[in-house]
1. In terms of the Cα gyration tensor, with a ≥ b ≥ c the square roots of its eigenvalues, is region 1-44 rounded because a/c is under 1.5, prolate because a/b exceeds b/c, or oblate?
2. Would you mind calculating the gained length between Leu25 and Trp10 on full extension (0.36 nm times residue separation, minus the Cα-Cα distance), in nm to one decimal?
Amino acid sequence: MKKKFFHSIWPLFGIFLFAVALWVLHHELREYHYHDVLRHLAEIPAHGKTLKMGKGLDLISKKEIPGEIILEPYQFMWVNYSY
C-alpha cells in the first residue's frame, strides 16, 4: 500500500515543482515587458562576421554531440578497476 502511494505521489510532486518554477519566473521577470525584450533583441547588430562565427560555432557544437555519444561506451575500456 505504501509503495503504491509513493508511486502515485511522484507525478504530483513533479507538477508541484513545475508550478513553483513558473511562479519564481513570474516574480523575477515581472519588471520586464515582452515588447522591450523584443526591441532590445532587434537592436543587436547581426552583421557578416559575427553572424558567420555564430553559425559556425553552432554547427561545430551540433557535430560534436553525436561524436561524444558514439565514443561514450568506449571511455570505460581504459579505466583500471583493480584496486
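Every read-out reported here was derived from the displayed coordinates using simple, explicitly stated rules and does not represent laboratory data. None of the values given here were measured: they were computed from a predicted structure.
1. Prolate, since a/c reaches 1.5 and a/b exceeds b/c.
2. Gain in length upon complete extension: 3.1 nm.
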